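Quick notes on the structure that follows.
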Amino acid sequence: MRNSILSMTVVAVAIAASSGFAVARDQIKIVGSSTVFPFTTAVAEKFGQTGDKTPVVESTGTGGGMKLFCQGVGEGTPDFTNASRAIKEKELKTCMDNGVTPIQIKVGFDGIVLANSKSGKPLELTKAQIFLALAKEVPGADGKLIANPNKMWSDIDALLPNAKIEVLGPPPTSGTRDAFVELAMEGGAKKFESLAAMRKADKKAFKKVAHAMREDGAFIEAGENDNLIVQKLEANPNAFGIFGFSFLDQNADKLQGARIDGEFPTFEKIAAGDYGVSRSLFIYAKKEHVGVIPGMEEFIIEYTSDNAWGPDGYLADKGLIPLPDAERESQAKDARSLKPVSM
Amino acid sequence: MTDANPSFESADQITDRHTDGDARTRLRRRYAAEFRFKIMGAAAVAVAALFLVGLLSTIVGQAIPAFRANFLQLSVDLSPGNIDPADAKRADYDKIVRTALLAMFPHVTSRQERRAVRGLVSTGSGNLLRRAVASDASILGGTLEYSVPVDDFVDLYLKGLLAERSQYAQLDSTATPSATNGSASLTLDGPALYQLVRSSGHGQTSEDGSIRLTSGEPSYLLEINGGVAKLQEISAEVASVDIYRPLQSAVASGGMQVRVIEAPEAERKISDREIVWIDRLKDDGLIQNHWNTIFFSGGASREPELAGIWGAVVGSTLTMLVTLVLSFPVGVSAAIYLEEFAPKNRWTRLIEVNINNLAAVPSIVFGLLGLAVFLNWFALPRSAPLVGGMVLALMTLPTIIIASRAAIRAVPPSIREAALGIGASKVQTVFHHVLPLAMPGILTGTIIGMAQALGETAPLLMIGMVAFIVDIPGGFTDAATVLPVQVFMWADFPEPGFQQKTAAAILILLGFLVMMNALAVFLRKRFERRW
C-alpha cells in the first residue's frame with residue numbers, strides 16, 4: 001500500500017511537471033468591474049462559441065482591474081479591463097508610463113435603483129429627499145450640519161409614507177455604492193444652499209459630507225451580493241434596497257422601483273438619459289496586445305456588434321441599457337479602428 | 001452495625017452519614033443534576049440536528065429543480081442544402097434551429113412575434129446542435145428530431161417557479177368569434193363573462209360600461225374552439241380579444257374556459273402569449289422534462305439553462321491533486337523529522353510555535369503570498385489549478401504537520417523500543433513501525449486540511465481563480481475555477497434561474513467532500529492496527 005501511494009505521488013508530480021509552465025497564451029484575459037462583469041461574460045461566452053478559446057473574465061472591481069491592466073505589456077497582464085467609470089487621469093498616466101495604450105469603448109448605461117417589494121407602498125423621491133433620508137449629517141434649520149434626525153419617511157416630507165426609513169445597500173467597496181453616492185447623494189446635497197456654498201469653497205469637505213452614509217441603522221450595508229438584498233426586500237415590505245437596474249429588471253415580478261425626480265427606473269427612461277441615477281459603462285482594450293494575443297480584434301468586433309450591444313441584442317436581455325444609435329456607431333468605429341483613448 | 005444486612009426500611013435507626021435523610025436528599029439532587037445534564041445534552045444535539053436538517057432541506061429543496069430541465073423537441077433539417085457536409089462547422093446552426101422552431105408556429109407572422117418564438121428556446125441551441133454534428137457527422141443529410149433546452153424563464157414557468165397563480169372558470173354562454181387568428185371580436189349572447197370580469201374589479205371601466213384590461217392588470221385567457229384568446233376589452237355584448245393560438249373554426253361555440261392569471265403581464269418575465277405557446281407545446285408532448293445532462297457535463301455559462309458544474313468539478317479535482325501531492329509528503333516528512341529526529345532545542349521550539357501560528361493565519365494572506373511569489377516572481381500562469389493547488393497546499397501544510405505529529409506521538413514508545421531492541425535502525429523503526437501505526441491519524445489530519453482547502457475561495461481570489469471560465473480545463477496550467485467559487489458566482493448572478501443552480505452546486509460540493517472523506521475512511525480502515 002505504501003509503495004502504491006508513493007508511486008501514485010511520483011506519477012502525479014510527473015504529470016504536473018510535464019504540463020509545462022510558460023506556454024504562449026492563446027486565451028484572452030479580462031479583469032475589472034463587477035458591474036460590467038455580467039455583460040462581458042455574456043460576450044465572452046458568445047465569442048467562445050464561434051471557435052476561439054473562451055476568454056477568462058475576472059471580477060476584480062474597476063480600480064483593481066485598472067491596476068492590473070496598466071501594469072504593463074506582456075502575457076502576464078490582462079488584455080481588457082471592465083470599468084463602471086471612465087479611466088482616471090492618474091490611471092491613464094500609469095498606463096502610458098508602462099507602455100500601455102488603452103482603447104476606450106463605451107458599451108452602455110447602467111441605472112441604479114431604489115426599490116422595494118411589490119407588497120410595499122410605492123415611493124416617489126427627489127434626490128434631496130434621498131440625501132435627507134440617508135446622509136449621516138444633514139443641514140439643520142440654520143444651515144449648520146447636524147446628525148440626521150429623520151427616523152420616518154414622513155419626517156422628511158409629510159407626503160411620504162409614515163414608515164421607518166430602512167434602506168439596504170452595498171458596502172463602500174462596491175462600484176454601485178460609488179455611483180449611488182456620486183449621482184444620488186451628491187446630487188441631493190447640491191440642492192441645499194449651505195452645502196452648495198461649501199462645494200464651491202471646499203470640494204473635498206463637500207464630498208466628505210455628501211458621501212457619508214448613516215450609521216444609525218437606517219442604512220444597512222447588506223454585502224456585495226445584490227441577490228441577497230432582493231431576498232431581504234421580499235421578506236420585509238417596508239425596506240428599500242439599492243442595486244443595479246439589471247436586478248430590478250430580472251425580478252420585475254417581485255420588486256418595484258421608486259420614482260426619482262419624477263422618473264421611474266425603466267429601460268427606456270435610462271436609455272434616454274431621463275432617469276437621474278445612471279452611469280456609463282466602459283471596457284478598455286490593450287492596443288499593444290492586438291495581433292499578439294489571438295482574437296483581440298474579433299472580440300472587440302463581437303462586443304460592438306448590434307447583435308450584442310444593440311437595442312435588441314443579447315446584452316439588452318442581460319440588463320445593459322444600450323447607447324443611442326449614433327453614439328453606438330461612433331464608438332464602434334473608433335474601437336474597430338483601435339483609436340487610443342484621449343483625455 | 002449488628003444487622004449484617006441493613007435495609008433502608010430501618011433507616012430511622014441508623015445514623016450513617018451515607019444513608020441518612022440528608023444523604024438521600026443529596027443523592028436525589030445528584031441524580032437530578034445528572035438527569036438535567038443529560039436532557040440538556042440531548043437538547044443541544046437535537047437543536048444542532050434541527051438546524052442541520054433545516055439547512056439541508058432548504059438546499060435540497062432548492063436544488064431539486066436544477067437537476068432536471070425541460071427540453072423542446074425540434075425537427076431540424078440537416079440536409080446538404082442547409083449544411084455543407086464538407087464544411088459542417090461553418091453552417092448557420094442558429095438559423096436551422098430558428099427555422100425548425102418557426103415551422104411549429106405557422107400562424108406567427110409579425111417580426112415581434114417571431115422574436116418571441118425564438119426566445120422560447122435557449123440562445124445556445126444552435127451551438128449545441130453544432131457540437132452534436134461535430135461529434136457525430138452521420139446525423140447529417142436528413143431531418144433529425146433534436147431536443148434543445150428551453151429558455152430559462154420558460155423552464156422556470158414549467159417548473160411552477162415563476163410568480164403565476166391561475167384560476168379556472170367554466171362559462172356556458174355562447175360566443176361567436178369574428179376571426180380565427182389575429183385580433184378578433186367575440187359576440188357574446190350572455191353577460192356571464194362580463195360579470196365575471198366586473199365582479200373581480202379588474203380593469204378600467206369606461207362611461208359606457210365597457211372594461212379595458214391593460215398589461216398592468218391580471219390576464220384573462222379564453223379557451224374557445226380549440227384556440228386561446230386574450231381578453232382586451234369587454235362590454236356586456238361584445239369582447240375584443242387577441243388570439244394567441246388559432247381557433248379551429250369561427251362558428252359559435254357552446255362554452256368556454258376562462259383562465260385568470262393573477263400576476264399582471266407587465267410584471268412577469270413571461271408574457272401571456274408565451275404561456276399559451278408553452279402550454280400547447282407541453283400538451284403536444286414536445287416539451288419533455290428530463291435529467292439535466294447539461295448541468296452535469298457543461299462548463300460555466302451566463303445562461304442558466306446552459307450552465308454546468310463539470311468545469312468546476314474538474315478544476316477542483318486538479319487543484320486538490322496538486323494540493324495533496326505537495327502538502328502530504330512535505331507535511332508528513334516535516335512531522336516525522338520534528339517528532340523523531342530533530343533535537344529538542346530553541347530552534348525546533350521556534351519552528352513549532354511558528355507552525356502552530358501558521359495554522360491560524362487567515363487564508364487570504366496565503367493568496368497574497370501566492371500572487372507575490374508564484375505569479376509575479378515565478379511567472380506562473382494566472383487562474384491555473386497549479387498555482388491554486390500550491391497556494392492551498394501552503395494553507396494545508398500546518399494542519400497536516402500538527403495532526404501528523406500528534407499521531408506519531410500517540411504511537412506507544414514500546415513499539416519503538418522493541419524495534420530498536422531487535423536491531424532496527426532509527427529510519428527502519430520509523431518507516432516500518434511508527435509510520436504505519438500513525439497513518440490513520442495522519443490521514444484524518446490530511447482529510448481535515450483538504451476539506452478546508454476544498455471550501456476556500458479567498459486565497460484563490462488573488463491568483464485569478466475567481467473568474468468566469470467556460471472551457472473545461474484540460475490540464476494543470478489551463479484556466480480553471482473551483483466548486484466554491486462557482487457557488488459564489490452563481491449566487492451573484494441576477495437571473496433567477498441561477499438560484500437553483502447555486503443550491504445544486506452546493507450539493508455537488510458536499511458530495512465531493514463526502515467522497516473525499518469516504519476515501520480517507522477506507523484508507524484508514526486498511527491501515528488501522530490495534531495493539
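When A:GLY48 is tested against the conditions (1) without any contact (Cβ under 8 Å) to a residue 12 or more places away in the chain; (2) farther than 28 Å from A:ASP249 by Cα; (3) in a helix (DSSP H, G or I), the lone failure is (2).
Residues that are under 16 Å from the mean Cα position of the chain (by Cα) and open to solvent by 40 Å² or more (accessible area, probe 1.4 Å) within the range B:474-506 comprise B:PHE488, B:ASP492, B:GLN499, B:ILE506, listed in sequence order. Within the bounds of the range A:207-225, is there any residue that is among the acidic types (Asp, Glu) and within 14 Å of chain B (Cβ to nearest Cβ)? Checked the range A:207-225: at least one residue is among the acidic types (Asp, Glu) and within 14 Å of chain B (Cβ to nearest Cβ). Residues that are assigned to a loop (DSSP other than H, G, I, E, B) and in contact (Cβ under 8 Å) with a residue 60 or more places away in the chain were ranked within the range A:122-140; the one that is least open to solvent (accessible area, probe 1.4 Å) is A:LEU123. A:ALA24 fulfils the conditions (1) modelled with pLDDT under 85; (2) farther than 21 Å from A:GLU298 by Cα; (3) more than 10 Å from chain B (Cβ to nearest Cβ) except for a single criterion, (2). Taken over the range A:93-119, residues that are away from chain B (no Cβ under 14 Å), open to solvent by 10 Å² or more (accessible area, probe 1.4 Å) and either free of Cβ contacts under 8 Å to residues at least 40 places away in the same chain or in a loop (DSSP other than H, G, I, E, B) (or both) amount to 7.
Among the residues of the range B:466-478, those that are within 17 Å of A:ILE28 (Cβ to Cβ) and of a type outside the set (Gly, Ala, Ser) comprise B:PHE468, B:ILE469, B:VAL470, B:ASP471, B:PRO473, B:THR477, B:ASP478.
Is at least one residue of the range B:370-377 within 12 Å of chain A (Cβ to nearest Cβ) and open to solvent by 60 Å² or more (accessible area, probe 1.4 Å)? Yes, the conditions are met somewhere in the range B:370-377.
Strands (runs of 3 or more DSSP E) fully within the range A:215-326 that include at least 3 residues being under 30 Å from A:LYS53 (Cβ atoms) and outside the structural domain of A:ALA135 (by TED's automatic domain parsing): A:278-286.
Condition check ((1) open to solvent by 40 Å² or more (accessible area, probe 1.4 Å); (2) more than 26 Å from A:ASP249 (Cα to Cα); (3) over 41 Å from the mean Cα position of the chain (by Cα)) across all residues:
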position	(1), (2), (3)
B:ALA179	no, yes, yes
B:THR187	yes, yes, yes
B:VAL197	no, yes, yes
B:VAL238	yes, yes, yes
B:ILE243	no, yes, no
B:ALA252	yes, yes, yes
B:ALA263	no, no, no
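Can you find a residue that is open to solvent by 30 Å² or more (accessible area, probe 1.4 Å) and in contact (Cβ under 8 Å) with a residue 24 or more places away in the chain anywhere in the range B:343-355? Within the range B:343-355 (the criterion being open to solvent by 30 Å² or more (accessible area, probe 1.4 Å) and in contact (Cβ under 8 Å) with a residue 24 or more places away in the chain), the answer is no, since none of the residues qualifies.
Is it true that some residue in the range B:273-288 is surrounded by fewer than 16 Cβ atoms within 10 Å (Cβ to Cβ), within 30 Å of B:ILE469 (Cα to Cα) and within 30 Å of the chain's Cα centre (by Cα)? Yes, the range B:273-288 has at least one match. Among the residues of the range A:171-204, the ones that are in a loop (DSSP other than H, G, I, E, B) and either farther than 25 Å from A:LEU255 by Cβ or at pLDDT 85 or above (or both) come to 4 in all.
The values are calculated or read from the model by the stated rules, or taken from the named source; none is laboratory data. Given the structure is predicted, the values throughout are model-derived calculations rather than measurements. For neighbour counting, all protein chains shown are included, and Cβ atoms are generated from backbone atoms with ideal geometry for every residue, glycine included. The area values use the complete protein model at the heavy-atom level, side chains included, leaving out ligands, DNA and RNA. Shrake-Rupley method; radii C 1.70, N 1.55, O 1.52, S 1.80 Å.
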